[in-house]
Amino acid sequence: MEKKTPLYDCHIREDGRMVPYAGYILPVQYKTGLITEHMTVREAVGIFDVSHMGEVIIRGKDALDNIQMLVTNDCSTMVDGQVRYSPMCDGMGNVIDDVLIYKINTKEYLIVVNAANRHKDVEWMKGNLFGDVELSDISDDMALIALQGPLSKDLLTRIAGPEALPKKYYSFLVNVDISGINCMVSRTGYTGEDGYEIFCQNKDAVRLWDTLLETGREFGIKPCGLGCRDTLRLEAGMPLYGHEMDDTISPLEAGLGFAVKMNKEDFIGKKALLDKGAPKRIRIGLKITGRGIARENCPIFYDDKEIGRTTSGTHSPYLSYPIAMALVDVDYSDIGRKLLVDVRGRKIEAEIVPLPFYKKA
Amino acid sequence: MSKEFFYAKTHEWVQFLDDTKARIGISDYAQSELGDLVFISLPEVDDEVNVGEEFADVESVKAVSNVYSPVTGTVTAVNEDLLDQPELVNSDPMEAWFIEVENISDKAELLSELEYKKLIAE
């Protein structure tokens, strides 16, 4: 039985088409449709319920040392109020999850994890803790609303004032007052646009949602579902756990080398990654030039040789052609290479293009 | 031309042009359930279609679905406008026919407009 987020009634009111996702019942789209929602985020501002995401607090004198072991990125250089992206690996150097680490202060960090991985992550982290540290899973108490798009800054400034907003991308502020609601506001997102993710207590979620939607009206705001969240992140070349990476794929294969700091003293999976050496397959972007849409897990051929598989694919609403991400043999991963993708038994033409597919101006 | 539409339980419509010739499309309910269509694949002229067998794919941004033939016969025309403008099916599903079929030798159990409305209301 799927759980409802605190915003369930808001979605029903907006004619959300509700589907089960990661243990929750969430809107895949609203009545205006996926493409309109997608373009609203590219051109104006969209509002998403992402309350399904998991939130874990790691607190104590040894919090940083623990996080340094748990994730592949280097968190020792973070300042208070900073956010950092990182894969979290198992001992084999494969990806357990990709997470965002929020440094509240030297003794307290918030880790935002994928909903589908929450329980697995919590078990894994608990099992690897050492020293003076405690972990609490606060996911069930927290709601999370994402405000994404070029007008999100203007909208939030209107409601909360300019001082209330984090200035830099990947930074956050705590105790932000939004219409009397205590929020944590983070300048992050999963769409390739400027935007914010706003954390609040469950009890305040509906009021926060309604306030943002009401004030957002003159900015052309639209509620946006999981469907366009996926197409937006795909255009932005952002990986999704379970697709571009999982516990059989290393972060280096997934193209996340920028967040794997091999010069860090140690982290779980470091030795395995060193032993494996340079990855033999790598994540690439594909523009589908033939007729058809490659979804996930389509075999990819070059000269009749299978060189990999797609990991995600869709029709790009912004570019108006189909795009896909794929894991392919590194020897065949050069930009401009023309390949064939097997879509339900039919081979269609594709070309390797640089990631991301879309970059904001 | 008869304006009457009949429906298959799998949400295709059939409009008979005469006793052995018909146009086939998908219902308003079907397009609304599928969402924004971005790609349609169609058979070719002279292809055979059979009752209950798929003859086309419709893809929305999120998913691909099959379209099943409510009749058995020979394709005599395909609506090539849909290849470049699949959104026509969303904007006017009853005008946006997929194929024209002749020499119809069999047809599925078809519902009237009223019966179909009852079906989708369930």
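What follows is calculated from the coordinates using simple rules that are stated; it is not laboratory data. Just so we're clear, the structure is a prediction, and the values are computed from it rather than from any experiment. As a convention, Cβ positions derive from the backbone with ideal geometry for all residues, glycine included, and neighbour counts pool all protein chains shown.
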**Asked** For segment A:171-329, what is the largest minus smallest coordinate of the Cα atoms on each principal axis, given in angstrom and ordered from greatest to least?
**Response** 60, 49, 22
**Prompt:** Which Cα, out of A:Cys298, A:Tyr318, A:Ile288, lies furthest along the positive dipole direction of segment A:280-353 (beta carbon charges, K/R +1, D/E -1)?
**Reply:** A:Tyr318
**Request:** Give the residue from A:Ile138, A:Leu232, B:Tyr7 lying farthest towards the positive end of the charge dipole for the protein assembly as shown; charges sit on Cβ (+1 for Lys and Arg, -1 for Asp and Glu) and the dipole is referred to the Cα centre.
**Result:** A:Ile138
**Asked** Once the Cβ-Cβ distance between A:Arg207 and A:Tyr21 is put in as r, and R0 is 35 Å, what FRET efficiency do you end up with, to the nearest 0.05?
**Response** 0.90
**Request:** State to the nearest 20 debye the size of the charge dipole of chain A about its Cα centre, where the only charges are +1 on K and R beta carbons and -1 on D and E beta carbons.
**Result:** 800 debye
**Inter-centroid distance (Cα atoms) of segment A:242-269 relative to segment A:104-124, Å** = 17 Å
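Under the Kirkwood approximation applied to all pairs of distinct alpha-carbon atoms, what is the hydrodynamic radius of segment B:6-109 in Å?
Result for segment B:6-109 stands at 13.3 Å.
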**Fill in**
Treating only Lys and Arg (+1) and Asp and Glu (-1) as charged, each at its beta carbon, one finds that chain B has a dipole about its Cα centre, in Debye to the nearest 20, of 440 debye
**Prompt:** Given R₀ = 45 Å, FRET efficiency for A:Met92-B:Glu54 by Cβ-Cβ distance, to 0.05?
**Reply:** 0.60
**Complete:** Scoring only Lys, Arg, Asp and Glu (+1, +1, -1, -1) among other residues with Cβ under 13 Å from the Cβ of A:Ala236 yields 0
**Complete:** Taking every other residue with Cβ under 12 Å from the Cβ of A:Val113 and scoring Lys and Arg +1, Asp and Glu -1, one gets -4
**Message:** Going by Cα centres, segment B:99-122 and segment A:129-176 are how many Å apart?
**Reply:** 53 Å
**Message:** Below 17 Å, Cα to Cα, which lysines can A:Lys347 reach? Residues fewer than 8 away in the same chain don't count.
**Reply:** A:Lys287, A:Lys305, A:Lys338
**Asked** Could you give the semi-axes, largest first, of the ellipsoid that matches segment A:263-319, computed as the square roots of 5 times the alpha carbon gyration tensor eigenvalues and rounded to whole Å?
**Response** 32, 16, 9
**Fill in**
Computed D for the protein assembly as shown, Stokes-Einstein, Kirkwood radius over alpha-carbon pairs, 20 °C, 1.002 mPa s, to the nearest µm² per second, is 87 µm²/s
**Message:** Bins of 5 Å, beginning at zero and ending with the bin holding the largest distance: percent of Cα pairs per bin for segment A:280-353, please.
**Reply:** 4, 20, 34, 27, 11, 3, 0
**Asked** Using a cut-off of 30 Å between alpha-carbon atoms, which lysines can reach A:Lys203, once sequence neighbours fewer than 8 places away in the same chain are excluded?
**Response** A:Lys3, A:Lys4, A:Lys31, A:Lys103, A:Lys107, A:Lys120, A:Lys126, A:Lys153, A:Lys167, A:Lys168, A:Lys222
**Request:** Pull up the cross-link candidates among the lysines for B:Lys107, meaning alpha carbon to alpha carbon under 25 Å and not fewer than 8 places away within one chain.
**Result:** B:Lys3, B:Lys9, B:Lys21, B:Lys117, B:Lys118
**Message:** About the Cα centre, and with charges only on the beta carbon of Lys, Arg (+1) and Asp, Glu (-1), how big is the dipole of segment A:5-136? Nearest 20 debye, please.
**Reply:** 160 debye
**Request:** Return the whole-Å distance between the Cα centroid of segment B:35-92 and the Cα centroid of segment A:317-361.
**Result:** 25 Å
**Asked** Taking a point 7 angstrom from the Cα of A:Thr106 along the C-beta vector, which residues in segment A:45-87 have backbone N less than 19 Å away?
**Response** A:58-69, A:74-83
